[in-house]
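Undergrad: Structure below; questions to follow.
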Amino acid sequence: MSDTTERIKCLIIGSGPAGYTAAIYAARADLKPVMYTGMEPGGQLTTTTEVDNFPGYPEGIDGPTMMVQLQQQAERFGTEVRIGMVTEVQFSKEAGGIHKVVVDNNKEIEAETVIVSTGATAKYLGLPSEQRLRGGGVSACAVCDGFFYKGQDVAIVGAGDTAAEEATYLANICNKVTMLVRKDYMRASKAMQHRVNATKNIEVRYNSEVDEVLGDQVVEGLRIVNNKTNDKDEISITGLFIAIGHKPNTEIFKGQLDMDETGYLITEGKSTKTNIPGVFASGDVQDKEYRQAVTAAGTGCMAALDAERYLAAVESLEEEAVK
Ligand SMILES: Cc1cc2nc3c(=O)[nH]c(=O)nc-3n(C[C@H](O)[C@H](O)[C@H](O)COP(=O)(O)OP(=O)(O)OC[C@H]3O[C@@H](n4cnc5c(N)ncnc54)[C@H](O)[C@@H]3O)c2cc1C
């Protein structure tokens with residue numbers, strides 16, 4: 001452990017749309033934020049080609065370029081962006097307390113406020129053909145990428161509420177949706193199952209798994225295996241959506257920040273406050289409902305404003321105490 005501990009006003013963990021928006025607001029409020037980017041500088045949007053739904057880009061923009069621009073905007077106001085992974089936290093439970101954070105297992109930082117924007121990682125099947133065609137027709141976000149397959153045939157993998165909801169979302173845009181369910185039943189609620197079954201252009205195939213995603217540069221089809229009979233067949237599709245869940249990146253906060261049963265951070269009411277005074281959460285790490293860049297950015301803004309107000313309140317309490 002280094003012997004030079006750095007003290008800062010505002011630490012931002014994570015460099016997705018939430019982190020960068022928090023950084024822009026915190027820097028402009030003179031909180032001199034320091035950001036650690038984590039293992040995926042720029043966050044999830046760096047894994048996608050076309051972002052068409054972020055306001056302000058009438059022609060759309062590719063994800064990596066958008067994230068570089070967000071970084072430049074945050075740096076313009078003085079955010080210090082550092083490559084590094086937060087590996088340990090020790091949050092103070094006292095209002096006005098100092099939070100200790102370790103980066104890359106060796107650098108210690110003391111922060112008056114911390115904004116957690118570590119996102120959530122989409123789960124994939126892990127097939128080599130699926131990984132190869134990510135961004136070439138394989139996506140983990142139907143709301144983000146469904147539009148690109150308007151009028152085309154697509155498939156979706158998953159059996160929970162999110163998969164069912166995304167299947168009906170795709171059915172509104174696409175010609176046909178084939179839904180692959182691994183078991184012989186769906187996990188989704190009865191109401192969602194009913195919606196799926198009542199949608200004419202969704203075909204649900206039970207006991208079905210992806211054997212291989214077909215296509216060289218882009219998705220052209222799917223080889224499906226029936227896990228009961230081992231029978232295989234192929235369908236033609238241009239888009240494959242994986243809806244088997246997300247894993248919020250909250251491992252290092254376990255036992256310190258309140259989270260739900262799936263690991264998403266819990267925030268107070270309409271704010272970004274966590275159960276720890278001075279620690280705020282923004283973006284997908286606290287949102288399993290919307291998971292969009294614009295909503296992540298919105299809560300990033302809120303987190304910086306919450307941090308600024310918290311620091312002002314602590315300061316006035318300290319002034320009161322010395323009177
Ligand atoms: C394939 C795909 C396409 C998408 N397309 C769109 C789209 O077109 N439009 C749209 O609105 N949304 C889209 N999304 C969703 C969007 O990317 C997310 O909603 C958004 O990125 C969430 O932002 P975030 O800042 O909360 O987290 P993320 O973007 O997930 O960023 C999390 C950040 O935290 C960092 N991190 C994690 N752990 C640590 C740690 N211990 N220490 C330091 N840093 C850490 C990571 O390195 C990363 O930088 C898409 C998602 C995917 C997967």
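Undergrad: Anything in segment 272-300 that is near the ligand (Cβ under 8 Å from one of its atoms), at positive phi and crowded, with 22+ Cβ neighbours inside 10 Å? List them, or say none.
TA: Listed by number, the list holds a single entry, G283.
Undergrad: Quick test of your reading of the structure: D52 fulfils all but one of (1) open to solvent by less than 70 Å² (accessible area, probe 1.4 Å); (2) charged (D, E, K, R); (3) under 21 Å from the mean Cα position of the chain (by Cα). Name the failing condition by number.
TA: The single condition D52 does not satisfy is (1).
Undergrad: Report, by residue number, each residue of segment 178-209 that is open to solvent by less than 20 Å² (accessible area, probe 1.4 Å) and closer than 16 Å to L125 by Cβ.
TA: T178, M179, L180, V181, S208
Undergrad: Kindly provide the set of residues from segment 49-74 that are away from the ligand (no atom under 11 Å from the Cβ) and within 19 Å of G298 (Cβ to Cβ), ordered by number.
TA: Correct list: G56, Q69, Q73, A74.
Undergrad: So, one more: Quick check on this structure: which one of A188, A163, A198, A159 is more than 26 Å from the chain's Cα centre (by Cα) and among the hydrophobic types (A, V, I, L, M, F, W, C)?
TA: Testing whether each residue is more than 26 Å from the chain's Cα centre (by Cα) and among the hydrophobic types (A, V, I, L, M, F, W, C) leaves just A198.
Undergrad: Also, I was wondering about something else. Could you tell me whether S208 is small (G, A, S), at pLDDT below 95 and in the same structural domain as S139 (by TED's automatic domain parsing)?
TA: When the stated conditions are applied, S208 does not pass them.
Undergrad: Now a separate question. How many residues, within segment 216-261, are in contact with a Lys or Arg (Cβ under 7 Å, 6 or more places away or on another chain) and within 15 Å of D287 (Cβ to Cβ)?
TA: Qualifying residue count, segment 216-261: 3.
Undergrad: Quick test for you: out of G255, G298, G215, pick the one residue that is farther than 24 Å from S15 by Cβ, in the same structural domain as E315 (by TED's automatic domain parsing), of a type in the set (G, A, S) and more than 13 Å from the chain's Cα centre (by Cα).
TA: G255
Undergrad: Go through segment 245-271 and count every residue that is within 11 Å of the ligand (Cβ to nearest atom), in a loop (DSSP other than H, G, I, E, B) and loosely packed, with under 15 Cβ neighbours inside 10 Å.
TA: Qualifying residue count for the region: 0.
Undergrad: Could you look through segment 129-153, keep only residues that are charged (D, E, K, R) and within 8 Å of the ligand (Cβ to nearest atom), and pick out the one that is least open to solvent (accessible area, probe 1.4 Å)? So that I can check it myself, show each step before the final result.
TA: Pass one, segment 129-153, residues charged (D, E, K, R): 130, 132, 134, 145, 150, 153.
Filter again for within 8 Å of the ligand (Cβ to nearest atom), leaving 134, 145.
Values: R134: 85, D145: 22 Å².
So, considering only residues that are charged (D, E, K, R) and within 8 Å of the ligand (Cβ to nearest atom), the one least open to solvent (accessible area, probe 1.4 Å) is D145.
So that you can scan it fast, the table gives a plain yes or no per residue for (1) surrounded by 18 or more Cβ atoms within 10 Å (Cβ to Cβ); (2) away from the ligand (no atom under 14 Å from the Cβ); (3) not assigned by TED's automatic domain parsing to the domain that holds T274:
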site: K32; (1), (2), (3): no, yes, no
site: Q44; (1), (2), (3): yes, no, no
site: T47; (1), (2), (3): no, no, no
site: R76; (1), (2), (3): no, yes, no
site: T87; (1), (2), (3): no, no, no
site: V114; (1), (2), (3): yes, no, no
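Undergrad: Within segment 151-161, is even one residue among the hydrophobic types (A, V, I, L, M, F, W, C) and either farther than 16 Å from I242 by Cα or in a loop (DSSP other than H, G, I, E, B) (or both)? Explain how you work it out, then say what you get.
TA: Of all residues in segment 151-161, those among the hydrophobic types (A, V, I, L, M, F, W, C) come to 154-157, 159.
Still in the list and also either farther than 16 Å from I242 by Cα or in a loop (DSSP other than H, G, I, E, B) (or both): 159.
Yes, segment 151-161 has at least one match.
Undergrad: Quick one: A120 ticks every box in (1) more than 14 Å from the ligand (Cβ to nearest atom); (2) touching a residue at least 40 places away in the same chain (Cβ under 8 Å) except a single one, so which number is it?
TA: Of (1) more than 14 Å from the ligand (Cβ to nearest atom); (2) touching a residue at least 40 places away in the same chain (Cβ under 8 Å), only one is false for A120: (1).
The values are calculated or read from the model by the stated rules, or taken from the named source; none is laboratory data. What you are looking at is a predicted structure, and each value in this text was computed from that prediction instead of being measured. No Cβ is skipped: glycine too gets one built from the backbone with ideal geometry, and neighbour counts run over all protein chains shown. These area figures cover heavy atoms from the full protein model, side chains too; ligands, DNA and RNA do not enter into them. Shrake-Rupley method; radii C 1.70, N 1.55, O 1.52, S 1.80 Å.
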